[in-house]
1. How tilted is helix 7-27 with respect to the longest principal axis of the chain? Cα atoms for both, answer in degrees (0 to 90, nearest 10).
2. What is the chain's relative contact order, in percent, from Cα pairs under 8 angstrom and six or more apart in sequence?
3. Given q = 0.06, 0.07, 0.12 Å⁻¹, what are the Debye log10 I(q)/I(0) values for the chain, with equal point scatterers placed on the Cα positions and solvent ignored?
4. Please state the Cα pair-distance histogram of segment 325-516 with 10 angstrom bins from zero: what percent is in each bin?
5. I'd like the GluC sites (Glu not before Pro) in segment 455-501 restricted to DSSP loop residues with at most 16 other Cβ atoms within 10 Å, sorted by number.
6. With N set to the number of residues, divide the alpha-carbon radius of gyration of segment 48-104 by 2.2 N^0.38 Å and report two decimals.
7. Where the centre of each part is set by its Cα atoms, how far does segment 206-270 sit from segment 386-436, in angstrom?
8. Residues of segment 489-503 with amide nitrogen under 20 Å from the 7 Å Cα-to-Cβ point of residue 335?
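Nothing in this text is a laboratory measurement; each read-out follows from the coordinates by a stated rule. None of these values were measured; they are calculated from a predicted model. We place every Cβ from the backbone using ideal geometry, glycine too, and count neighbours over all the protein chains shown.
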Amino acid sequence: MSVAFTELDNLCVNVIRGLSLDGVEKAKSGHAGLPLGAAPMAHVLFTRHLRFNSQDPKWFNRDRFILSAGHGSMLQYSLLHLAGYDVSLDDLKNFRQLNSKTPGHPENTHTPGVEMATGPLGQGVAHSVGFAIAEAYLHTKFPNVDHHTYAICSDGDLMEGVSNEAASLAGHLKLGKLIWLYDDNGITIDGTTALSFTEDVEARFNALGWHTLKIDGMDLAAVDAAITAAKADPRPSLILAKTVIGFGSPKLAGTNKAHSNPFGAEELAITKAALGLPSEPFYVAEDVAEYYASVARQGEEAHAYWQTTVTPELQQIIDGDLGSEWRQALPSIEEKVATRKASETTINAISSFLPTLLGGSADLAESNLTTQKGLGEFSAENHGGKNINFGVREFAMACVVNGITLHGGARAFGGSFLVFSDYARPALRLAALMEIPSIYVFTHDSVGVGEDGPTHEPVEHLTSLRAIPNFNLFRPADANETVAGWKVALESTHTPTLLALSRQALPPLSPTDVRNHPAERGGYVIREASADAKVILVGTGSEVQHCVAAQTVLEAEGIPTRVVSLPSWLLFERQPAEYRASVLPKGVPTVSIEAGSTLAWPRYAHVNLGIDRFGLSAPGDVVMKELGMTADAVVAAAKSAL
Ligand SMILES: Cc1ncc(C[n+]2csc(CCOP(=O)(O)OP(=O)(O)O)c2C)c(N)n1
Ligand SMILES: [Mg+2]
C-alpha cells in the first residue's frame with residue numbers, strides 16, 4: 001500500500017509549477033505549458049519511484065530519467081533543484097542564459113542529473129530504449145545492476161516516426177523496465193491534436209507489444225498506481241496520462257497559447273493565485289524543500305547500500321575501463337580485402353575481450369559484416385546476447401547505440417549502408433553534441449557499390465558528415481587503417497566515430513603496426529617522395545590506391561611525388577599545426593581524390609577530383625572508371641597542378 005498523498009504533495013506540485021513559470025518569465029522565453037500539466041506525474045515519479053543520488057548524479061544503478069519533450073526543460077531543472085542536485089535557485093534564474101547550467105533545452109554536458117540532450121522530439125524516447133537495453137544486458141551479467149528507465153514524452157514525441165521505430169523494437173525485445181509517461185494533453189504548437197494526430201495511440205502501443213495504461217495525469221494517486229503497475233509488468237509500459245497544458249492559467253490552460261512564451265506579468269499573477277502560490281518569484285515553501293531533501297537522503301542511503309554489492313569486476317565496467325587485452329588482440333591484416341571485411345576480422349578478434357561491447361546492424365549484418373560470431377543474439381528470451389538485430393530501423397538503431405553508450409558500462413555500434421546514414425543523421429549529430437563515443441559502421445561507402453545504382457551510392461555523405469562538429473568520420477584506405485579506426489573508436493571518450501567502409505577489396509598499403517598506426521593521427525604520409533615533393537596526392541579510402549599508382553607513374557617521369565592518406569579530417573585537424581604542415585605543406589601543388597563531393601576539398605588541395613553528381617547503375621569498377629576515379633586521372637590532374 002502506498003502512502004496517501006497529502007496537501008504537501010499538492011504544494012510540491014504547485015511549487016514546481018511556480019518555478020517553471022518564473023524561469024520562463026525571467027528568461028522571456030521558454031515553455032511553461034508542459035511543466036504546468038506534467039508537474040503531477042513528475043512529482044510522483046521523483047518522490048515515490050525514481051531512485052537517484054543527487055550528491056552523486058552518476059551513481060551507476062540509478063534509475064535513468066529522460067525528459068524527451070525537452071522543451072519542458074524548466075520542469076526538469078525545477079525538479080533537479082528541489083531534489084538537491086547542483087542546480088541552485090540562481091541557476092534557475094539564469095535559465096537560457098549564456099553558459100548557464102540551465103540551457104534552453106536539457107544538455108547532459110551542462111547539467112548534473114540530465115542524462116542526455118533532448119529537444120529534437122522523438123529522440124529522447126528512442127534513446128531511452130538504448131538505456132533499457134544496456135541495463136537489461138548488464139543485468140544478466142551483474143544482477144545487482146537493476147534499475148528502471150523512465151521518460152516523459154509529449155504528443156510531438158509520439159508523432160515522430162523514430163519513437164515508433166524504437167517502441168516497436170522495445171516491445172519486440174520485452175524491455176520490461178522501460179516506462180514512458182505520455183503527457184497526453186491533446187495540444188501541440190499549431191493547435192489541438194485533432195489537426196493531425198487522431199490515431200488510437202493506446203491501441204498502437206498494444207499492437208507493438210507494450211503494456212498500456214490510460215489515466216488522469218492530474219491525479220497523483222492514479223499516476224502512482226500506474227507507475228507501480230508498469231514496474232510489475234514484463235513488457236515496456238506506456239502510461240497515457242491525460243493532462244491539461246498550462247494548468248492553472250485561466251486564460252491559457254488547455255490551449256496551444258500555453259505551449260511557449262512567458263505568460264506576462266498579469267497572467268502570471270492570476271495563475272499563481274489560482275495555484276495558491278504567493279507572488280514571490282522562485283518561491284520554494286520550506287516544507288517542500290524539506291520533503292524533497294528527505295527523498296534525496298533515501299536515495300543517498302540506497303546508493304550507499306548498493307555500493308557494498310559492487311565487485312571489482314563490475315567496478316571496472318562502471319569505470320569504462322576496457323582493459324588491455326583487446327589491444328593486444330588487434331589483428332594485423334596483410335591481404336587485399338574490403339575494409340568492411342577487415343572490420344569484421346577486427347570485431348571478431350577483440351569482441352571476446354570486450355564483454356560489454358554490443359552491436360548489430362539494421363538488417364544488413366551479412367553486408368556490413370558486424371556480427372560478433374558465437375556471442376549470442378540479444379532477444380526477448382535472452383537479454384545476454386551481444387548481437388542486436390535492429391531491424392530496418394536506422395534512426396532508432398543510432399538512437400539505441402547512443403542510449404547504450406550514454407548508459408555507461410557498455411559500448412555499442414550499429415551498422416548499415418553509408419547512403420542510409422541520412423536516415424540516422426539526427427542521432428549522429430546528437431551523439432557529437434552530447435560528446436559520447438558511439439560507433440557507427442557504415443559500409444558500401446561509395447559509388448563502388450555499383451549495380452544497385454545511385455539510390456544506394458553515397459556521394460555527398462562524406463562531406464556532409466564531416467560538417468558535423470566533433471564527429472569523427474573515419475574512411476580507411478586499407479585493412480590496417482580499418483583496424484586503427486576501430487582502435488580510435490574504442491579509445492575515444494567524447495567523440496563519436498563513423499567507420500566508412502568499402503564494399504570492394506582494397507590492396508594493403510599502410511603500415512602493419514596496428515597498435516601504433518599513423519592513421520590514428522587522421523592524416524599521414526603513406527608514400528614519401530624520392531626527393532623534395534614537387535606534387536602531393538591526397539586521398540581517402542578506396543582512392544588512396546590510385547594516388548599510390550599515380551605516384552609510381554609520376555616518379556618514373558622524374559616528378560618527386562608524395563602520397564598522403566587522410567582517413568579522418570577531424571583527427572588530423574586536432575593535430576598540432578607543425579605536424580599538419582609537415583604532412584601537407586602549403587605551397588606544394590596538391591591534388592585530392594575522393595569518390596564523393598569535392599565541396600570541402602579546396603581546404604586541402606588545389607585540384608580536386610571527386611563526384612559532384614549522382615552515381616550510376618553498373619558494376620562498381622565500371623562506375624568508378626566512368627566517374628573518373630582512376631590513377632590516370634590523378635596523373636593528369638597532378639600535371640595540371642604543376
Ligand atoms: C523534431 C522536432 N521538430 C519540431 C520541433 C519544434 N517543436 C517543439 S515542441 C513542438 C510540439 C509541441 O507539441 P507537444 O509535443 O505536444 O508539446 P506540448 O505543446 O504539449 O508541450 C514542436 C513542433 C522539435 N522540437 N523537434
Ligand atoms: Mg502536447
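1. Computed tilt is about 50 degrees.
2. About 12 percent, as a whole number.
3. Those come out to -0.37, -0.49, -1.14, one per q.
4. Bin by bin from 0 Å, the calculated values are 10, 40, 39, 11, 0.
5. Filter output for segment 455-501: 460.
6. 1.15
7. Each part reduced to its Cα centre gives a spacing of 29 Å.
8. Backbone N within reach: 501-503.
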